[in-house]
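The next block holds one structure in the form of structure tokens; read it before the comments.
The values are calculated or read from the model by the stated rules, or taken from the named source; none is laboratory data. Small disclaimer: the values here were computed from a predicted structure and weren't measured. Note that each Cβ is placed from the backbone with ideal geometry, even for glycine, and that neighbours are counted across all protein chains shown. All accessible areas refer to the heavy atoms of the entire protein, side chains included, with ligands and DNA or RNA removed. Shrake-Rupley method; radii C 1.70, N 1.55, O 1.52, S 1.80 Å.
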Amino acid sequence: MSSLTRLATEVAEVADGLCAYLDASPSPFHAVQTAAGLLTAAGFTEVDEVDQTPTAPGHYVVRRGGSLIAWSTAHLPADRPAHTAYRVVGAHTDSPNLRVKPHPDWTRAGWRMLGVEVYGGALTNSWLDRDLGLSGRVAVRDAAAPGGVRQHLWRCDDPLLRVSQLAIHLDRTVRTEGLRLNDQQHLAPHWSPGGDSTGAFRDWLAAQVGVGPEDLLGFDAMTHDLTAARRIGGDGELIASARLDNLATSYAAVRALLQAVAEPAEAATPTVPVVVLFDHEEVGSTSERGAQSTFLPSWLERIVLAAGGTREDYWRALAGTVVASGDMAHATHPNYPERHEPEHPILMNGGPVLKVNTNLRYATDSPGAAAFALACERAGVPMQTFVTRSDLPCGSTVGPTTSALTGATTVDFGAPVLSMHSTREICGTLDQAGYAAGLAAFLTPA
């Protein structure tokens, strides 16, 4: 804790920056848009995937829907070998929520309802009795756009929706048997009393984005809690927000990359710093922009080829690459200490967390652990180690997939959090400064 306290001058800045990032990012698409904005404001150049990979040294960022990759070669010697290895920090932009079905309108008991599907492993009870907004991405007809389709983001922060809980008077067993929710029956939000709602959502969304209903060709729409991110606790030592899993890591990764390119370390063997933010981790990462896609390895190869290298150089680069896969970590819960490994307590504001699982739910091995431990040591932050109880299943993240696709040494890590997958989670304010500092050190090995 004393080491982390040395970062006190940065704590407020990082906390405020994270809260602003969380509030600006109700969907993975917005999370990527906001991250890209931070990078371009710092001098990064946005590259379209259909264009030629830049050959000149510089800072670059590529977006693909809810995913992003950014890297920098500006600090490297002009004659750097094409097989220069990478230091990669990976995270994900998606969070569990309620997502709108393609034909969502229906009525029941005099209420206009919205059909939704649970995305990811949401703690569904946490979505009850909250004011909910909507956000996402739309595809609209536009003859001037490539393929006749234009895509853009939208959000509405009006309190549109609510999933109302049943009063205890109508189900007194909830106190003795617990709350039981059926995803189809009990989680559909209502948005107004009224009669027939056929086509109401599509009409409403078309009006939101300024087109006619006939020109709204597709949408990715999802709910978000309207409560803003904020510091809580007696001394503001905690941050409460939606989507901390895993936008806290996404923000720390972007901040670390900005620091790495602003203050590159003097290294005997320079590396190329890379940040990749994936969509769809919460549902298995199998998509064109998930961690199981070619998004990361294809861009790592394109960077090598743009530097004049060959496929042989690409595989040589991967052989020297280290990937740090970041996702949030379970802090030891004070009300449920028996659910945690007793010899591996994880303290809030106790520092970044190394995640280990011998059954490879996490990709960490000893070389990866050493790289992460040295980064935390250089940053002056303590490191904790998380292991799941032997009699409980272990979660996973993008680390094992990334490791398998690239063959690179990979380490899984996180920052402590409580209420993971709830609509509103909490993390440590002090941890966020240490998180970003540790990742910056990882991206610029001495």
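Along the positive direction of the dipole of the stretch 301-446 (beta-carbon charges: Lys, Arg +1; Asp, Glu -1; about the Cα centre), which of Pro337, Tyr362, Val304 reaches farthest? Towards the positive end, the residue furthest out is Val304. For the chain, complete DSSP H runs whose alpha carbons reach 24 Å or more along their own long axis and whose mean Kyte-Doolittle score is 0.5 or higher are 244-262.
Note on the chain: with a GNM built from Cα contacts shorter than 10 Å, the maximum mean-square fluctuation among Thr40, Thr310, Thr269 falls on Thr269.
Both radii are taken from the alpha-carbon atoms of the stretch 74-145; with Rh as the Kirkwood radius, Rg/Rh is 1.26. Counting every C-alpha pair in the stretch 311-425, the share spaced more than 24 angstrom apart comes to 28%.
Taking only protein heavy atoms into account and a 1.4 Å probe, give the accessible area per residue of the chain in Å².
43
Taking each DSSP H run with n ≥ 4 as -39500 (n - 2.57) and averaging over every residue of the chain yields -9000 deg cm²/dmol at 222 nm. The ratio of the alpha-carbon radius of gyration of the stretch 1-115 to the globular-protein estimate 2.2 N^0.38 Å is 1.53. The figure for Trp191 is an accessible area of roughly 50 square angstrom, using a 1.4 Å probe on the protein chains alone. Ranking His340, His224, His83 from most to least accessible surface, computed with a 1.4 Å probe over the protein chains only, gives His83, His340, His224. FRET efficiency for the pair Glu312 and Glu49, taken as 1/(1 + (r/R0)^6) with r the Cβ-Cβ distance and R0 = 22 Å, rounds to 0.35. Of the residues Gly210, Gly65, Gly320, which exhibits the maximal mean-square fluctuation in a Gaussian network model of the chain defined by a 10 Å Cα contact cut-off? Most flexible of the set in this elastic network: Gly210. For the chain, the share of DSSP beta bridges that are antiparallel, to the nearest 5, is 70%. Dividing the alpha-carbon radius of gyration of the stretch 22-62 by the rule-of-thumb value 2.2 N^0.38 Å gives 1.31.
Semi-axes of the equivalent ellipsoid of the stretch 155-290 are 39, 26, 16 Å, computed as sqrt(5λ) over the eigenvalues of the C-alpha gyration tensor in descending order. Apolar share of the accessible surface for the stretch 327-373: 55 percent from carbon plus sulfur atoms, 1.4 Å probe. From the largest down, the chain spans 70, 60, 40 angstrom on the principal axes of its Cα atoms.
At the residue level, Phe386 shows approximately 20 square angstrom of accessible surface with a 1.4 angstrom probe and all protein chains present.
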